[in-house]
Amino acid sequence: MSFLQRIDVKSNDQIALMRKAGAVVGQTLEILRGAAQPGVSLAELNALAEEAIRTRGATPSFLGYGVPPFPAVICTSVNDVVVHGIPTDQVLRDGDLLSIDCGAIVDGWHGDAAITVEVGTVTDQHRELSRVCRQSLDAGVAAMVAGAKLSDISHAIESSIVAAGEYGILREYTGHGIGTSMHMDPAVPNYGPGGKGPKLSVGNVLALEPMITLGSAQTVVLGDDWSVATADKSWASHWEHTIAITPSGPQILTLP
Ligand code: MG
Ligand code: MG
């Protein structure tokens, strides 16, 4: 894997705008976390998200993104779908494990975050899957300090997961730089040895997003051209934050 020599540095003013976009994302995800109950459809969650984003003066970043254009404002990935699920009329059931990924733009600056939601009562194994994934995101955030190397983040995420048990860690999908676009250099894999890549510095902003499964890390893209599901149908979890390196350390920008 090749790395950039240097990661884009944002000013305090630019990070303040990204914090605004991030707050919209964080608030929207909190609304959706509460709304994601058995009997609610993914399309209903999408409608709630669009309202939450637009009433806060922000623009949804996922709508129309990519090829074919993504048709919704959030990704809703249920059970064996890991990421990029399209909100359909599918109705949530008790015990589902739902990843919701959300992005918003304020004054041209992006925020991007995802949560895994337990719908009703999930099994202990699925609760633990989500906890391990979220814990690995926390480990990645903690490794995002000025002077460290980019791959120290990747290694911290992987080490956290490996220490927790046997999980598949997706290889084809990674965290990423973010700013005036949702996806910018560098890619931030969720695995690998530390000590490689560019040195991290104050003003770097990255979206970290571990994606893990209860089985293998092998994935397939479904017939809708977006949904990424596990090849072995094992269930998955996905958590994401947008984080800035500040003089006082890593700061999550996508909090409510
Ligand atoms: Mg995302
Ligand atoms: Mg992302």
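Against the definition (over 26 Å from Pro198 (Cα atoms), touching a Lys or Arg at 6+ places or on another chain (Cβ under 8 Å), more than 16 Å from ligand 2 (Cβ to nearest atom) and of a type in the set (Gly, Ala, Ser)), how does Gly95 come out, yes or no? Write out each step before concluding.
Details: over 26 Å from Pro198 (Cα atoms): yes; touching a Lys or Arg at 6+ places or on another chain (Cβ under 8 Å): no; more than 16 Å from ligand 2 (Cβ to nearest atom): yes; of a type in the set (Gly, Ala, Ser): yes.
Criteria not met by Gly95.
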Verdict on Glu128 being surrounded by fewer than 19 Cβ atoms within 10 Å (Cβ to Cβ) and among the acidic types (Asp, Glu): yes
Cβ pairs under 6 Å, 6+ apart, first in region 163-185 and away from ligand 1 (no atom under 15 Å from the Cβ) and open to solvent by 60 Å² or more (accessible area, probe 1.4 Å), second modelled with pLDDT of 95 or more and outside any loop (DSSP other than H, G, I, E, B): Asp185/Gly177
Whichever residue in region 3-35 is of a type in the set (Gly, Ala, Ser) and open to solvent by less than 40 Å² (accessible area, probe 1.4 Å) and, among such residues, is farthest from Val202 (Cα to Cα): Ala35
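Can you work out which of the residues in region 58-84 that are in a loop (DSSP other than H, G, I, E, B), within 14 Å of ligand 2 (Cβ to nearest atom) and open to solvent by less than 50 Å² (accessible area, probe 1.4 Å) is farthest from Ser41 (Cα to Cα)?
Of region 58-84, the ones in a loop (DSSP other than H, G, I, E, B) are 58, 61-73, 79-80, 84.
Keeping just the survivors that are within 14 Å of ligand 2 (Cβ to nearest atom) gives 61-62, 65-66, 70, 84.
Now drop any that are not open to solvent by less than 50 Å² (accessible area, probe 1.4 Å), which leaves 61-62, 66, 70.
On the way: Ser61: 21, Phe62: 19, Gly66: 24, Phe70: 18 Å.
If we take residues in region 58-84 being in a loop (DSSP other than H, G, I, E, B), within 14 Å of ligand 2 (Cβ to nearest atom) and open to solvent by less than 50 Å² (accessible area, probe 1.4 Å), then Gly66 is farthest from Ser41 (Cα to Cα).
Each row is one residue, and each column tells you yes or no for (1) under 23 Å from Arg19 (Cβ atoms); (2) more than 16 Å from the chain's Cα centre (by Cα); (3) small (Gly, Ala, Ser).
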position: Tyr173; (1), (2), (3): no, no, no
position: Thr180; (1), (2), (3): yes, yes, no
position: Ala187; (1), (2), (3): no, no, yes
position: Gly215; (1), (2), (3): no, yes, yes
position: Ser234; (1), (2), (3): no, yes, yes
position: Trp239; (1), (2), (3): yes, no, no
position: Thr242; (1), (2), (3): yes, no, no
position: Pro256; (1), (2), (3): yes, no, no
Selection count, region 132-162, where residues are in contact with a strand residue (DSSP E or B) (Cβ under 9 Å, 6 or more places away or on another chain), more than 16 Å from ligand 1 (Cβ to nearest atom), within 22 Å of Val202 (Cα to Cα) and open to solvent by less than 50 Å² (accessible area, probe 1.4 Å): 8
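Residue-wise test of (1) among the β-branched types (Val, Ile, Thr); (2) touching a residue at least 40 places away in the same chain (Cβ under 8 Å); (3) farther than 18 Å from Arg171 by Cβ.
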position: Glu209; (1), (2), (3): no, yes, no
position: Gln218; (1), (2), (3): no, yes, no
position: His241; (1), (2), (3): no, yes, yes
position: Ile245; (1), (2), (3): yes, yes, yes
position: Leu255; (1), (2), (3): no, yes, yes
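Take residues that are within 16 Å of ligand 2 (Cβ to nearest atom) and in contact with a His (Cβ under 9 Å, 6 or more places away or on another chain) and tell me which of the strands (runs of 3 or more DSSP E) falling wholly in region 200-256 contain 2 or more.
205-208, 211-213
Of all residues in region 87-123, which are part of a strand (DSSP E or B) and more than 19 Å from the chain's Cα centre (by Cα)? Spell out how you get there, then give the answer.
Here is the first cut: in region 87-123, the residues part of a strand (DSSP E or B) are 91, 97-106, 109-118.
Passing the criteria: only Val91.
The values are calculated or read from the model by the stated rules, or taken from the named source; none is laboratory data. Keep in mind it's a predicted model, so treat the numbers as computed, not measured. Counting neighbours? That spans all protein chains shown, and the Cβs are built from the backbone with ideal geometry, glycine included. Quick note on the areas: whole protein, heavy atoms, side chains included, nothing else; ligands and nucleic acids left out. Shrake-Rupley method; radii C 1.70, N 1.55, O 1.52, S 1.80 Å.
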